[in-house]
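The values are calculated or read from the model by the stated rules, or taken from the named source; none is laboratory data. Note that this is a predicted model, so its numbers are computed, not measured. Backbone-built Cβ (ideal geometry, glycine too); neighbour counts: all protein chains shown. Please note that ligands, DNA and RNA were not included when accessible areas were found on the heavy atoms of the full protein model with its side chains. Shrake-Rupley method; radii C 1.70, N 1.55, O 1.52, S 1.80 Å.
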Amino acid sequence: SAPISISSDTVLYLDFEEEEASLRYRLAMLAGGAEANKRPGVYYKRAETSVPHMADALARQIAHEGITGLIVDSAGLACGTEPETADSANAYFRALRGLRLGWSLTIAHQPKAKEKDPLPFGSQFWYSNPRSIWRTQLSRAEGESQLSIGLWHKKANNGALHDPLGFALHFYPGQATSIDMIKPRSVADFRAHVSAREKVLGALEDAVGALSYGELAEVTGIDAHSLRSTVSRLGDRVEKVG
């Protein structure tokens, strides 16, 4: 089907979960909010079998359409059976490598029972095979039209880890979705994942007046010694600590 413009690369969206109409609508709203223009497109493919099983067909499509990037949604279904095992993880990444793309992005859903686990899910190879891993968290109050997204860079094979990123998406029925960059510390639900420095700055930004060290320790959950060390390093930025 015809591509929709959202990326400077030509991208194939390999979808194991939803339908094309849903994705097209979301991409159109996001592209409108970002005022996207002069961009090639995203091709859509609904997937019914695992990536290793469709590797040859994917390779032909990628070559025919000049595709440079692949998005896979999502990892569990893309592997076929037993995605948490080492064999499934390795077979999946071998198939991706064989496609010879410029880049690929695999979306993986981590079970809630393992939200604090540093690995994406399942086998260690889900951590060791990817070149880069970002962990995401969402925050949305019931009834609100804004969704906050926090991203934390957990692995980088080629360079330093990126600073945490935050985005606020504002949804308007039938209209473009606006996108703003935010600091992850500005969202209370994200505070558990930011550094001590960011916890302190976030708490001070929320406070109406000055905070004592005891109040700051209670709000941030940072022990007294670490808190004083953090505040000292921040210098003039912590005038509201008394």
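Listing for the model above:
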{"quantity": "Checking LEU211 against (1) in contact with a strand residue (DSSP E or B) (Cβ under 8 Å, 6 or more places away or on another chain); (2) modelled with pLDDT of 90 or more, the condition it does not meet", "calculated": "(2)"}
{"quantity": "Residues of the stretch 192-215 satisfying the condition of being exposed (fewer than 14 other Cβ atoms within 10 Å of the Cβ), within 22 Å of the chain's Cα centre (by Cα) and outside any helix (DSSP H, G or I)", "calculated": "SER195"}
{"quantity": "Hits in the stretch 117-153 (condition: over 14 Å from the mean Cα position of the chain (by Cα) and part of a strand (DSSP E or B))", "calculated": "GLN146"}
{"quantity": "Test: residue in the stretch 170-182 that is open to solvent by 80 Å² or more (accessible area, probe 1.4 Å), more than 30 Å from HIS64 (Cβ to Cβ), in contact (Cβ under 8 Å) with a residue 40 or more places away in the chain and not in a helix (DSSP H, G or I)", "calculated": "yes"}
{"quantity": "Top-ranked residue of the stretch 56-87 - restricted to ones that are more than 25 Å from the chain's Cα centre (by Cα) and touching a residue at least 24 places away in the same chain (Cβ under 8 Å), ranked as most open to solvent (accessible area, probe 1.4 Å)", "calculated": "GLU65"}
{"quantity": "Within the stretch 102-128, tally of residues that are touching a helix residue (DSSP H, G or I) at 6+ places or on another chain (Cβ under 7 Å) and under 25 Å from GLU18 (Cβ atoms)", "calculated": "9"}
{"quantity": "Any hit, the stretch 100-117, residues being touching a His at 6+ places or on another chain (Cβ under 6 Å) and either surrounded by 12 or more Cβ atoms within 10 Å (Cβ to Cβ) or more than 29 Å from ALA57 (Cβ to Cβ) (or both)", "calculated": "no"}
{"quantity": "Filter pass, PHE121 being open to solvent by less than 40 Å² (accessible area, probe 1.4 Å) and of a type in the set (Phe, Trp, Tyr)", "calculated": "yes"}
{"quantity": "Residue within the stretch 166-178 that is under 25 Å from ARG233 (Cβ atoms) and in contact with a Leu (Cβ under 6 Å, 6 or more places away or on another chain) present", "calculated": "no"}
{"quantity": "Hits in the stretch 183-217 - residues which are farther than 23 Å from ARG135 by Cα and in contact (Cβ under 8 Å) with a residue 24 or more places away in the chain", "calculated": "LEU204, ALA207, GLY209, ALA210, LEU211, SER212, TYR213, LEU216"}
{"quantity": "Condition met for SER22 (within 19 Å of the chain's Cα centre (by Cα) and at pLDDT below 95)", "calculated": "no"}
{"quantity": "Test: SER229 is surrounded by 14 or more Cβ atoms within 10 Å (Cβ to Cβ), modelled with pLDDT of 90 or more and hydroxyl-bearing (Ser, Thr, Tyr)", "calculated": "no"}
